[in-house]
Amino acid sequence: MFSLPPRLIFGGLSLTSMLLVLTAIYIEPFASMNPCPMCLLQRAAFIAVATIGGFAFIFQPHGALKKVFALLTAVAGIVGASIAGRQIWLQHLPEDQVPACGPGLEYMLDVFPFFEALRMALQGTGDCAEVQWMWLGLSIPGWSFLAFSTMSLAGLYLLFQRRN
């Protein structure tokens, strides 16, 4: 059976995550898109996948350490998919049930304790419910959910892969 080497998978995950974040940062000013708190948390999850994958690509861990990197990749992907899923849910709420618009993540982190700001960001605001862009019927969080799900599956594949 054909199997990709773990180093190639980790490298691909890292490169893909970096490209997604760089693309978001690049198109932001041209499309007049301001990222909401949930978007910024998803970027953080992509950066986590990129960092984990990058270290695994560079150091080529084997055995138990490879499994640790694979587990961390899967967890970061699941966290990102959960945030994207919550944002998709907010985007599909009826207008009268959409939460009020709130402050940006930077303001929340400046004013509130870290875990309170994180809780508020994860709850989402009216900004998070706004669909700013769609392609093939999916909004940005929809595409992020697919990317994170794929990354999680790749991490789980590496975690349970029998050969190094």
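Packing-wise, with mean Cβ within 10 Å as the measure, how do 66-75, 26-35 rank, highest first?
66-75, 26-35
What is the fewest-to-most order of 157, 107 by other Cβ atoms lying within 10 Å of their Cβ?
Placing the least packed residue first, the sequence is 107, 157.
Taking one equal scatterer on every alpha-carbon of the chain, how large is log10 of I(q)/I(0) by Debye at q = 0.09, 0.12, 0.18 1/Å?
So the normalised log intensities are -0.33, -0.57, -1.07.
Bear in mind these aren't lab numbers, they're just calculated from the coordinates by the rules spelled out. Quick caveat, the model's predicted, so the values are computed rather than measured. Because the Cβ atoms are built from the backbone with ideal geometry, glycine has one as well, and the counts that use them run over all protein chains shown.
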